[in-house]
Amino acid sequence: MADILSAFARFAKTYEPGQVIFSEYEKGETFYLIQSGQVQLVKIVNGIQKNLDILAPSEIFGEMAILENTPRSATAIAVDQVKVLEFNKANFETLMTGQPAIAMKLLKLFIKRIFAQKRRFMVLTLEDPQARVGDVFLMLNETRTDIAEQVTTSREFAVTIDDIAHWAGMPKDAVQDELYRFVDQRKIEMTNDKIIVRNINDLQRYIASRRRKL
Amino acid sequence: MPKAIQYRKNSIIYFQGDIEDKIFILQKGIIISSYQDIETGEPVQERIGEGEFFGVKSALGHFPREETVMVMSDAIVLLFTSMEFESFALSNTRIILKMLKVFSNQLRKIHKQTVSLLHSTEQANPSDGLFSVAEAFFKAGNISAAVDIANRYISLYPTGAHIAKAKAIAAKAGSIPEKKSGGSGGFEVPDATSGTDDKQSYILGEQLLSRNKYSEAIVYFQNVLRRQDSTLRYDAMVQCGYCLCGEGNHSDCVQLLTRMLMEAPKHRKTAEALYLMGICNKQLGDAQKATAFFQKALSMAEPDLAAKIKKEMNGGA
């Protein structure tokens with residue numbers, strides 16, 4: 001791929017280790033394809049840095065820049081020396097036409113984002129706050145790929161109350177109340193660093209019944 | 001090569017919820033796509049035009065079908081597998097560009113709907129937000145990122161509410177040494193090949209492993225293993241084992257975990273190591289050895305792990 005991409009050298013940018021590529025809350029008009037090096041995505045949650053992912057060559061990031069007037073949702077930092085192709089409105093068609101494999105990759109990424117966004121939307125359509133919190137666990141469970149885990153009905157989630165509040169679109173206090181209700185009903189267990197859903201199938205049935213009442 | 005298929009009136013091409021690897025293009029006839037509006041739950045019907053692709057998102061994304069597609073009058077459709085579609089589209093970039101446009105519009109629409117449902121509860125002011133990011137990096141000791149973002153704040157919001165503080169952070173460029181260890185939740189960009197904090201490396205490795213990025217995760221666990229005195233040494237060995245097993249490198253996994261079990265037979269992750277040894281031996285075709293490892297693992301496993309072991313012993317994948 002490096003050879004083909006060299007034709008687009010004029011759109012290439014280099015970042016030194018530790019350099020910020022873009023910051024959370026900045027307006028985004030560009031997105032990137034990593035040619036070499038690694039990029040770390042970080043989000044600030046209540047003043048604490050949370051590492052979201054480490055991206056490797058050939059991965060695309062910042063693609064949500066297509067959503068006009070939407071600030072970046074995370075900070076991208078170069079882990080080592082990083083070379084990227086920078087896409088913007090002006091060069092988008094040139095780059096995509098000249099490199100259909102990148103266009104296909106972006107297409108698949110958009111598909112994933114559409115499904116993820118729709119799923120999140122489904123969570124938000126639930127009016128019952130307890131069901132909404134429960135549905136966040138179902139949503140997170142659906143993205144898991146660990147087949148070995150699927151043999152049991154209990155699921156562990158390394159999430160914080162802030163994470164759940166974000167996905168459920170609810171204040172942190174309200175999420176905490178609903179989580180305690182689940183604990184009282186013996187549907188979940190909470191430890192310092194994880195939340196365990198005792199029976200994901202029971203939770204699925206519960207959410208389905210709440211959804212039918214809409 | 002795509003196949004032309006004829007469908008009779010009233011037949012169903014696919015149902016909502018089906019999972020399959022097929023993409024269609026309507027050549028001739030009338031077909032209707034039916035689904036529920038995600039906001040209201042109301043049924044929606046849309047006619048698919050001749051020459052239009054359908055089933056693309058679910059096939060390429062490996063998601064269940066979101067709609068039921070029904071034939072209203074005898075129709076001919078071309079059927080592609082997703083691989084056939086990809087090679088077709090790669091030689092017809094115009095099609096991908098057109099789909100990118102359609103999908104980016106769909107993404108914008110659903111994003112707008114989501115934001116409106118959230119009633120702006122989490123829409124922080126971008127100016128305050130940007131400064132809070134600079135401040136968080138600063139407090140965590142990642143001065144270069146803090147300075148970089150503070151400079152962005154100064155240039156974007158020269159009269160912003162936090163300008164004085166942003167200038168103070170920006171002025172720190174080069175004056176304060178970066179923190180060397182995590183300490184109070186501090187974040188440092190890890191260097192997987194040199195002296196990074198082993199706890200940090202371990203956490204990053206775990207994050208990558210949870211996303212099944214085995215080859216990348218292993219680099220971080222190896223970074224831990226390079227430190228002979230690390231308290232996470234044997235935990236990292238087991239995590240490396242998961243990576244190797246996930247990559248299908250069962251022999252190396254057996255070799256590594258044999259070492260781990262010899263050096264630390266009573267480690268808290270011993271049951272997991274034995275479980276992995278069982279899986280690897282099973283994959284390597286030694287069923288007897290696999291059973292022995294599973295039985296040993298079962299004798300010391302926590303309930304969740306025990307369930308996984310039992311599944312493996314009962315012939316699960």
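From the Cα gyration tensor of chain B, with a ≥ b ≥ c the square roots of its eigenvalues, which class applies: rounded if a/c is under 1.5, or else prolate if a/b is larger than b/c, or else oblate?
On the way: a/c = 2.64, a/b = 1.19, b/c = 2.22.
It comes out oblate by the Cα gyration axes.
Would you mind calculating the relative contact order of region A:120-214 from Cα pairs under 8 angstrom and at least 6 residues apart, reporting the percent as a whole number?
37
Do the alpha carbons of any pairs in A:K50/A:K172; A:K89/B:K167; A:K89/B:K112 sit beyond 23 Å of each other, and which pairs? Could you put the intermediate results ahead of the total?
Numbers: A:K50/A:K172 17 Å; A:K89/B:K167 32 Å; A:K89/B:K112 21 Å.
Flagged as over cut-off: A:K89/B:K167.
Read phi for every residue in region A:126-138 and hand back ³J(HN,Hα) as whole Hz from Karplus 6.51 cos²θ - 1.76 cosθ + 1.60, θ = phi - 60°, with x for Gly and Pro.
3J(HN,Hα) across region A:126-138, in whole Hz: 6, 7, 5, x, 5, 5, 5, 5, x, 5, 4, 5, 5.
Just need the relative contact order of chain B here, percent rounded to a whole number, with Cα pairs under 8 Å and 6+ apart. Present the calculation step by step, with values, prior to reporting the outcome.
Values: 452 pairs, mean separation 31.4, N = 317.
Reported relative contact order: 10 percent.
Working from Cα positions, state the angle (0 to 90°, nearest 10) between the long axis of helix A:89-98 and the longest principal axis of chain A.
80
For region B:230-247, take each phi angle, set θ = phi - 60°, evaluate the Karplus expression 6.51 cos²θ - 1.76 cosθ + 1.60, and give the result in whole Hz per residue in order, putting x for glycine and proline.
My calculation for region B:230-247 gives 5, 6, 9, 3, 7, 4, 5, 4, 5, 5, 4, x, 4, 5, 4, 5, x, 7 Hz in order.
Under 17 Å between alpha carbons, and skipping anything fewer than 8 positions from A:K43 in its own chain: which aspartates and glutamates qualify?
A:E24, A:E26, A:D53, A:E63, A:D162, A:D163, B:E122, B:D128, B:E135, B:D148, B:E188
Can you tell me how region A:157-214 classifies by the Cα gyration tensor, rounded, prolate or oblate, using a/c under 1.5 as the rounded cut?
oblate
Dipole of the protein assembly as shown, Cα-centred, from +1 at each Lys and Arg C-beta and -1 at each Asp and Glu C-beta, to the nearest 20 debye?
Values: 66 positive and 63 negative charges, 83 e Å.
Using only the charged Cβ atoms, the result is roughly 400 debye.
From the Cα gyration tensor of the protein assembly as shown, with a ≥ b ≥ c the square roots of its eigenvalues, which class applies: rounded if a/c is under 1.5, or else prolate if a/b is larger than b/c, or else oblate?
Numbers: a/c = 1.42, a/b = 1.10, b/c = 1.29.
Here the protein assembly as shown falls in the rounded category.
In the structure displayed, which of A:K194/B:K165; B:K57/B:K269; B:K213/B:K269 lie more than 32 Å apart, Cα to Cα?
Values: A:K194/B:K165 36 Å; B:K57/B:K269 41 Å; B:K213/B:K269 21 Å.
The answer is A:K194/B:K165; B:K57/B:K269.
No value in this document is a laboratory result; all are computed from the given coordinates. Keep in mind the model is a prediction, meaning the values are calculated, not measured. Note that each Cβ is placed from the backbone with ideal geometry, even for glycine, and that neighbours are counted across all protein chains shown.
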